[in-house]
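Working notes, structure below.
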Amino acid sequence: MASPLSRLATRFAYGARQLPRVAWYVGHGVFMRQLSEAARRRAGERARPRAHTDAPVPDRRRLFADMATLFQQDLANVEADIYPLPADNDGSSLMLLNRSRLFVQDLPEIHRRRESGDRRQVQSDETRGKRPSYYLQNFHFQSGGWMTDDSAQRYDTQVEVLFNGSANATRRQALPPLHEIFAGRDQRRLRLLDIACGTGRFLNLLKQAWPRLPALGVDMSEAYVTEAKRHLRRWCWINLIVAKGEALPLPN
């Protein structure tokens, strides 16, 4: 059992890592909304009507309260030795600034697609037939869909902005069930398959907990697999391939 001083040090280190991330990505979200509102005013447009549903919808206060609960659970998992104090590996300050630039650069096009409902910019003679039609969309309204290098480099910023800096903490909540399955077993004799691994953020969190676990990541995007290889280059016992989830090049 950890001493009170050790627990205090862990909690301080956890807060020192997570709070700046939340502030960074929440700030991006505030800027994005202000830019969108300014674009509408310049165009003389009315604000888009809110989507209607009869189901209860949480307000922003509830969302931030749930985020606080998420981070408390994340820290509790660390203190229970389910996984180590997480390193988000967001990159150097220069890389963060460059990805912030890519994110901001794409905001006008995202705003245009959101207002017009245009989600099929990536469908062209060059891409048609090479991927399923459901894949050839501008997901999150971003330029390039999931098909370009720039998209792969801006994607994680977009997701963290969407999740207010809590995307990695959300991903880590998939680790406790694995901890139960792996308990008492030699990780080197197990194998894990991550279908639609994207840029490899979940695999990075997984390898922090089980560095010798053989893992395979599969994604349909060459650009995202390339980014995943860059992000995961610190780890061994890992492989990444381009393939479709419905046609995996693996035994059943």
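The values are calculated or read from the model by the stated rules, or taken from the named source; none is laboratory data. Note that the structure is predicted; figures quoted are calculated from it, not measured. Note that we place each Cβ from the backbone using ideal geometry, even for glycine, and neighbour counts take in every protein chain shown. Areas reflect the complete protein model, heavy atoms only, side chains present, ligands, DNA and RNA absent. Shrake-Rupley method; radii C 1.70, N 1.55, O 1.52, S 1.80 Å.
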Scan segment 11-21 and give yes if some residue there is within 28 Å of Pro108 (Cβ to Cβ) and either open to solvent by 80 Å² or more (accessible area, probe 1.4 Å) or in contact (Cβ under 8 Å) with a residue 12 or more places away in the chain (or both), otherwise no. yes
Name the single residue that is farthest from Arg154 (Cα to Cα) among those in segment 1-30 being assigned to a helix (DSSP H, G or I) and of a type in the set (S, T, N, Q). Ser6
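Go through segment 210-252 and give me each residue that's part of a helix (DSSP H, G or I) and over 24 Å from Gly91 (Cβ atoms).
Those that are part of a helix (DSSP H, G or I) and over 24 Å from Gly91 (Cβ atoms): Gly245, Glu246, Ala247.
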With respect to Ala174, determine if the residue is of a type outside the set (Val, Ile, Thr) and surrounded by 15 or more Cβ atoms within 10 Å (Cβ to Cβ). no
Would you pick out the residues in segment 127-156 that are aromatic (Phe, Trp, Tyr) and under 24 Å from Ala247 (Cα atoms)? Tyr134, Tyr135, Phe139, Trp146
Please work out which residue is most open to solvent (accessible area, probe 1.4 Å), limiting yourself to segment 110-138 and to residues that are closer than 18 Å to Arg33 by Cα and not basic (Lys, Arg). Ser116
Hey, Asp90 over 18 Å from Asn168 (Cβ atoms), at pLDDT 90 or above and in a loop (DSSP other than H, G, I, E, B) or not: no
Checked segment 62-87 for anything among the aliphatic types (A, V, I, L, M) and assigned to a helix (DSSP H, G or I); matches are Leu63, Ala65, Met67, Ala68, Leu70, Leu75, Ala76, Val78
Tell me, yes or no, whether segment 160-170 has at least one residue that is of a type outside the set (A, V, I, L, M, F, W, C), exposed (fewer than 13 other Cβ atoms within 10 Å of the Cβ), more than 20 Å from Met220 (Cα to Cα) and modelled with pLDDT of 95 or more. no
